[in-house]
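Engineer: This is the structure, below, for whatever I ask next.
The values are calculated or read from the model by the stated rules, or taken from the named source; none is laboratory data. Predicted, not measured: the structure shown is a model, and the values here were computed from it. For accessibility, only protein heavy atoms count, side chains too; no ligands or nucleic acids. Shrake-Rupley method; radii C 1.70, N 1.55, O 1.52, S 1.80 Å.
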Amino acid sequence: MIDHVHDLAAVRDATERLLAAVARLDNAAVAAPSRLPGWSRGHVLAHVSRNADALVNVLAGRPMYASAELRDADIERDAPRALDAQLTDLAESSARFLEQAAAPADWSRTVTMRNGVTDSASRIPFRRLAEVELHHVDLGIGYELEDLPAEFTDRYIAFLARRFTGNPDVPAFALTATGGGRWTTGRTEGTPVAVTGPAPALLGWLAGRRDGAGLHTDANPLPALPPL
């Protein structure tokens, strides 16, 4: 059962952690490379801000982005900004998302994301939470996958496992997290390959943030998964 109220509270907490961490940077650090290939930390922050506005559009029944080209252009436009401008934009765009999400609404309705993907409106707060948490890690400023709340880690593994289920380009996998948690993903035919390890390592591999080091499996090396 999706609890959007619970998830919105988690978004607030994650946003506060991100804002506090970014406030400790300086202009040079914002301009430095992030962990995402080809993106500075400014690119990551601009993306997180523009994602908040895009999800406002989704909740309001508008297209998420006017176009893929404009989405990319907005990130490139905003990436070079100084720290103060990045912080202000991140705080204000996050507040706009939370304000839109606080409006009375039918949370069971179906909404449309990028590329025609549809989902329940009730899952939008969790999608925002994933953006804030993972891109905080992507900044490379001391917040790691191991620092993510355990509840979020388990839920995001399940979310990613569902996304890859039935994908013909992903072998069948049976995932087991050390200390609990089991998921299946990939192709639905064939004997699943067992993959076991700490939940943060599983999340990192599924999310394309790690290469599978630290996971135990008969499939060595683990394949790179399709982009999200």
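Engineer: Could you identify which residue out of 12, 77, 155 has the top mean-square fluctuation in a GNM of the chain using Cα springs shorter than 10 Å?
Structural biologist: Looking only at 12, 77, 155, the biggest GNM fluctuation is shown by 77.
Engineer: What is the Rg over Rh value, at two decimals, for segment 1-45, using alpha-carbon atoms and the Kirkwood definition of Rh?
Structural biologist: The Rg/Rh ratio comes out at 1.15.
Engineer: I would also like to ask the following. To the nearest 10 square angstrom, how much accessible area does residue 39 have with a 1.4 angstrom probe?
Structural biologist: 60
Engineer: Just the Kirkwood number for segment 149-215, please: inverse of mean 1/r across all distinct Cα pairs, in Å, one decimal.
Structural biologist: 11.7 Å is the Kirkwood radius here.
Engineer: I would also like to ask the following. More than 22 Å apart: what percent of Cα pairs in segment 42-138 qualify?
Structural biologist: Counting pairs separated by more than 22 Å, the tail of P(r) holds 26 percent.
Engineer: What number does the chain give for Rg over Rh if you use C-alpha atoms and the Kirkwood radius?
Structural biologist: 0.97
Engineer: On the protein heavy atoms, probe 1.4 angstrom, tell me the percent of accessible surface of segment 115-220 carried by carbon and sulfur.
Structural biologist: For segment 115-220, the apolar C and S fraction of the accessible surface comes to 48 percent.
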